[in-house]
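Trainee: After the structure tokens below, expect a handful of questions from me.
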Amino acid sequence: MKLHRILALAGLAVYPIQSCASSPKSSDDNSSSGSSGSFGSSGSNGSSGAPGSSGSPGSSGSSGSEGGFDATVDDDAPSQGGSSGSSCSPLITTQTSFVNLTPSGVGQGIPFDKNENDPVPGADAGMTGPAGWNFYNFPGAMCRDGSPLGIYVRYGSVNKLMIYMEGGGVCISPHFCDHNPANMNQVFPGGSLNGESFGGSLVTVSGLQAPYTDGIFDTTNPTNPFLNWNQIYIPYCTGDAHIGTNPSASIPNDFGVATTQHFVGAMNMQLFVSRIVPTFKNVDQVALMGSSAGGIGSGLNFGMVQDAFGKVPVTLVDDSFPPFTGTQDITPCLQNLANGLWGLTAGLPSDCAECSDPDGGFANIVPYWLHKYPQAHLGLVSSIHDQIIRLFLAAGTDNCSDTDPNLLTTLGLQGGDVPGFDGGQYDNGLLDLRSTYLCTGRIASYFIGTGDPDASDSNGTIDTLHEHLFRPRFYDPLAGPGQPTLAQWMGDVIAGKVEQIGP
């Protein structure tokens, strides 16, 4: 066993490792940064955004009236790092002010009308969303094929809001794009059991992207921590993990013919948030989460949502796309590939220099958020040998020499195994991630499965399965006998407790 894994396991022998609750940091001074510019437009009291088709965001000015938590680290307690000189590496920083990521349209945003329920684009004439949900079209928002896009809203009876971002793969090469919905009327088959393995992710079929009825969306289970919350479901059809800023990318199809792809996930999110916040400005808590591409998308868009909601605390939970540390798992070539196609870096905070660093990359957004929001708590859910994310990471091996998922999986002949990225490496990466941030006391984790390191799901174990929040198993003790259910852990996370569960 590798030394770093031994150390990680030694430090995690007792669960939970840490349990702490906190309230949002209160401050009357929210002027540490100016409002960020919209894509390609000027920021409030800030410099103008870069013009042109790429639509990159404007940088923030030095002053502004909108903001969230006091974005400084000078007054953090020693246990939270900051300028007080903590020995916790992720919390050591010299940065004391941060750009404000509030979309420029929030101040003029029109609240949703509870009596409005728009027809869903591309569905049968006049068809609306499922019962209990309102659908709202968004002029200007679009999928990667250029078709229109909107979001679903369910109004609850408590003063809290859950925002869920859908997953569904990424579009980085012709065949990866084949396994990714290009519009709201393409889905993976299987309902709430879709996409948990290679077999459920091979093709998309005709069907409406819409909220699930299991897991976090279950309105009948009294143990659902989001029961009676206001809920928002954001479909996924941009292929860019909800963070793209490139409306005119080009990817060849199977015949070598260039096709235009609209990677505008970050632009869409700005439009959505500009109406979500005015509608729910009086809630006292927000939970932002997503699965797979929606998991990493929620992590990358967290700051925009938190800044837009101001002093209302936003809790982030990433299901099944871990922000691995270093470059051994998320390799530089893989980030460069995504950045070149999606304009990924332009969707990240302009003052997070490390986020575009090929030696660390976009996963450096995690310490950046911890610095900027000293009271924020984050959560991570993952199977210890997740076959779908291992497939994506395998595309980054050998300097991205093979980005065909059909070949990387050997056409599924080895069950849930990915020869190019074995289960042991993924397991070690999760433990390293947990160990790195353990000292912050602010990132909870729930790791699932104790299957063999070869990570073939032919034995029926859960260790390779993908995505968990919207599935019936959300209410099961997925980390093993005697462990909390995923629903119980999730309830603790939104209550401000930090627990390390499994494997």
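The values are calculated or read from the model by the stated rules, or taken from the named source; none is laboratory data. Being a predicted model, the structure only gives us computed values, none of them experimental. Here the Cβ positions follow ideal geometry from the backbone for every residue, glycine too, while neighbour counts run over all protein chains shown. These accessible areas exclude ligands, DNA and RNA; they are computed on the full protein's heavy atoms, side chains included. Shrake-Rupley method; radii C 1.70, N 1.55, O 1.52, S 1.80 Å.
Trainee: Bin width 5 Å, alpha-carbon pairs only: give the P(r) of the range 215-352 as whole percents, running from 0 to the bin holding the largest distance.
Mentor: With 5 Å bins starting at 0, P(r) equals 2, 9, 16, 20, 19, 14, 9, 6, 3, 1, 0.
Trainee: While we're looking at this one, here's another question. Out of all Cα-Cα pairs in the range 119-191, roughly what percent, to the nearest whole number, are more than 20 Å apart?
Mentor: Numbers: 1067 of 2628 pairs.
It works out to 41 percent of all Cα pairs.
Trainee: Roughly how many nanometres apart are two label points built 7 Å out from the Cα toward the Cβ at Thr213 and Val158?
Mentor: 2.3
Trainee: Mind listing which trypsin sites (Lys or Arg not before Pro) in the range 257-325 are in a DSSP loop and have 16 or fewer other Cβ atoms within 10 Å?
Mentor: On the way: sites: Arg275, Lys281, Lys311; in loops: Lys281, Lys311.
When the trypsin sites (Lys or Arg not before Pro) of the range 257-325 are filtered for loop state and at most 16 Cβ neighbours within 10 Å, Lys281, Lys311 remain.
Trainee: Per 0.36 nm of contour for each residue apart, how much would the distance between Glu116 and Cys400 grow if the chain were fully extended, relative to their Cα-Cα spacing? Mind dumping the intermediate values first?
Mentor: Working: separation 284, 0.36 × 284 = 102.24 nm, distance 4.67 nm.
My answer for the length gained is 97.6 nm.
Trainee: Once neighbouring chains are kept in place and the probe is 1.4 Å, which whole percent of the accessible area of the range 148-285 is contributed by carbon and sulfur? Before the final figure, lay out each step's value.
Mentor: Working: 2560 of 4590 Å².
C and S atoms contribute 56 percent here.
Trainee: Give me the extension gain from Thr128 to Ser248: residue separation times 0.36 nm, minus the current Cα-Cα distance, reported in nm with one decimal.
Mentor: Details: separation 120, 0.36 × 120 = 43.20 nm, distance 2.99 nm.
Length gained between Thr128 and Ser248: 40.2 nm.
Trainee: Same structure, new question: In whole percent, and with a 1.4 Å probe on the protein chains, what portion of the accessible area of the range 307-350 is carbon and sulfur? Intermediate values should be presented prior to the final figure.
Mentor: On the way: 670 of 1130 Å².
For the range 307-350, the apolar C and S fraction of the accessible surface comes to 59 percent.
Trainee: On to the next question. Between Ser87 and Asp357, what length comes free when the chain is fully extended (0.36 nm per residue of separation minus the Cα-Cα distance, one decimal in nm)? Could the numbers behind the result be given before it?
Mentor: Values: separation 270, 0.36 × 270 = 97.20 nm, distance 2.35 nm.
Taking 0.36 nm per residue and subtracting the Cα distance, the gain is 94.9 nm.
Trainee: Taking 22 Å as R0, compute the FRET efficiency from the Cβ-Cβ separation of Asn228 and Lys311 and round it to 0.05.
Mentor: Details: r = 23 Å, r/R0 = 1.05.
The formula returns an efficiency of 0.45 here.
Trainee: Rg (Å, one decimal) plus Dmax (Å, integer) for the alpha carbons of the range 153-265?
Mentor: Expressed in Å, the Cα Rg and Dmax of the range 153-265 come to 16.3, 53.
Trainee: Could you state the accessible area per residue of the range 106-243 in Å², with a 1.4 Å probe and every protein chain left in place? Let's see the in-between values first.
Mentor: Values: 5130 Å² over 138 residues.
Dividing the accessible area of the range 106-243 by its residue count gives 37 Å².
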